[in-house]
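I have placed the structure first, in the form of structure tokens, so that the comments after it can refer back to it.
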Amino acid sequence: ANQSAKRIVQENAARISVLQKVYIGVNLVYVVVRFLLQYSSLGWKEFLVYAATFGLETFIYVNLYQVSRPRYDPGGILVDAGTDLSQPGLVSYMFDYLYVSWFVHLLSLATRWAWLLYLAIPIYLAVTFGPYLRQFIPSLSGQQGGGGGDEAQLSEKERKKREKKERKKQQPRVKYVK
């Protein structure tokens, strides 16, 4: 295998090692403090929110672990270095969720209002991907129905401009002189 593939394998192994330690550490601290030391103030809603976020956290961690694993042939030669965990895109969004989740878990030991920080995720997604989704959802793009914009919605000036354009398209471009 080439040097870049070997570098990716080493970097992924180091990153997964750190990820595993933080994952276990943060959740162990949360469980010990919240479920053992502060049990009397623990409500069922908070328990359900923690269980849901922990489940998603675990899913993302396992997914990152699986896609980062290198694959070797039977002879021990590196075939695939695995997904580079430092690449932008979905992988970086998965790491972002883990970071937000760990921060919220630790902060929620001090205040229940910390759980509201999870609202930052859908807000970020709406701001980031909203413009792309607008073209697929007619009600968000200002269009009623399935086709182009309604003629009634266009201003008088825009309507006249469109009609003029259409007349120009219909007229022949070349005039023949007899």
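The values are calculated or read from the model by the stated rules, or taken from the named source; none is laboratory data. Since we're looking at a predicted model, the values are computed, not measured. A quick note on method: Cβ atoms are made from the backbone with ideal geometry, for glycine too, and the neighbour counts reach across all protein chains shown. We work out accessible area using only protein heavy atoms, side chains counted, and drop any ligands, DNA or RNA first. Shrake-Rupley method; radii C 1.70, N 1.55, O 1.52, S 1.80 Å.
Is the stretch 47-62 home to any residue that is over 21 Å from the mean Cα position of the chain (by Cα) and open to solvent by less than 60 Å² (accessible area, probe 1.4 Å)?
No: the stretch 47-62 contains no residue that is over 21 Å from the mean Cα position of the chain (by Cα) and open to solvent by less than 60 Å² (accessible area, probe 1.4 Å).
Restricting to the stretch 109-137, name every residue that is in a helix (DSSP H, G or I), surrounded by 12 or more Cβ atoms within 10 Å (Cβ to Cβ) and more than 14 Å from the chain's Cα centre (by Cα).
ARG112, ALA114, TRP115, LEU117, ARG134 - these are the residues of the stretch 109-137 that are in a helix (DSSP H, G or I), surrounded by 12 or more Cβ atoms within 10 Å (Cβ to Cβ) and more than 14 Å from the chain's Cα centre (by Cα).
Being outside any loop (DSSP other than H, G, I, E, B), modelled with pLDDT under 90 and over 17 Å from ALA5 (Cα atoms) is the filter here, so list the residues in the stretch 57-90 that pass it.
Matches in the stretch 57-90: LEU90 only.
Taking only the stretch 13-46 into account, find how many residues are open to solvent by less than 60 Å² (accessible area, probe 1.4 Å), more than 25 Å from VAL67 (Cα to Cα) and either among the polar types (S, T, N, Q) or modelled with pLDDT of 95 or more (or both).
Residues in the stretch 13-46 being open to solvent by less than 60 Å² (accessible area, probe 1.4 Å), more than 25 Å from VAL67 (Cα to Cα) and either among the polar types (S, T, N, Q) or modelled with pLDDT of 95 or more (or both): 2 in total.
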